[in-house]
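Notes follow once the structure below has been shown.
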Amino acid sequence: MIAPYMTLIFEDTHGRTKRKNVQMQSQATLVDYQAVVTAFAAAIATVTDLACVRIDLTLPMTGTFAGAAESNVDTGATFSGVLYDKQGQKASFKIPGITPTYADASGHIDVADSDIEAALELFVNATPYDLYVSDGETIDHWLQGRLDK
């Protein structure tokens, strides 16, 4: 299993950034991970003159899946939806390597298809998982999907 790690983004006074990945032992809970990150950030702050502008925690999961015998990362799709509580503003979400059978002859993808809907509904406001399309924004409803060119 791949170990969890934190990625620290440092910045100097000239606006240049440096990334540093630090592998860590697996922890029992998210609170334990947060404690390790906090302790390391405090310790590293003492010995660097750089600003730490961001720390990302990566927890590799075992929920992987195999790809099809023939797959292509260039075959992606873009889905458009209306943002929740944003006066009709729209956002998009891309799915890389989408299975071509979901698209019709003109490249359109039905957002009401049960498989497609199952993936996209997690971005719809007030669903059990509330994934964000960007900047903490959720979708009110999905409008369309289309193969990328």
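Please treat every number below as a calculation from the coordinates, not as lab data. In this text, all values refer to a predicted model and were calculated from it rather than measured experimentally. Ideal geometry is used to build each Cβ from the backbone, glycine not excepted, and the neighbour counts take in all protein chains shown.
At a glance:
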{"item": "Pairwise Cα inverse-distance average, inverted: Kirkwood Rh of segment 72-149 (Å)", "result": "12.7"}
{"item": "Fully extended contour minus Cα-Cα distance, from E117 to A35, at 0.36 nm per residue", "result": "25.8 nm"}
{"item": "Most positive-pole-ward Cα, P128, P4, A77, against dipole of the chain from beta carbon charges", "result": "P4"}
{"item": "Label point distance in nm, D140-I55, each placed 7 Å from Cα along Cα→Cβ", "result": "3.9"}
{"item": "When the chain is reduced to its Cα atoms, the Kirkwood hydrodynamic radius in Å", "result": "18.7"}
{"item": "Whichever aspartates and glutamates have a C-alpha closer than 12 Å to that of K94, once near sequence neighbours (fewer than 8 apart) are set aside", "result": "D74, D148"}
{"item": "Calculated [θ] (222 nm, deg cm²/dmol) that DSSP helices of n ≥ 4 give over the chain, each run adding -39,500 (n - 2.57)", "result": "-5500 deg cm²/dmol"}
{"item": "Only Lys, Arg (+1) and Asp, Glu (-1) charged, at Cβ; the chain dipole about Cα centre in debye", "result": "640"}
{"item": "Relative contact order of segment 102-142, defined on C-alpha pairs under 8 angstrom at six or more residues apart (%)", "result": "25"}
{"item": "Acute angle (nearest 10 degrees) that the helix 30-47 long axis makes with the longest principal axis of the chain, alpha-carbon atoms", "result": "50"}
{"item": "Over segment 5-58, relative contact order from alpha-carbon pairs under 8 Å, at least 6 apart, %", "result": "55"}
{"item": "Whole-number percent relative contact order across the chain, with pairs defined as alpha carbons under 8 Å at least 6 apart", "result": "22"}
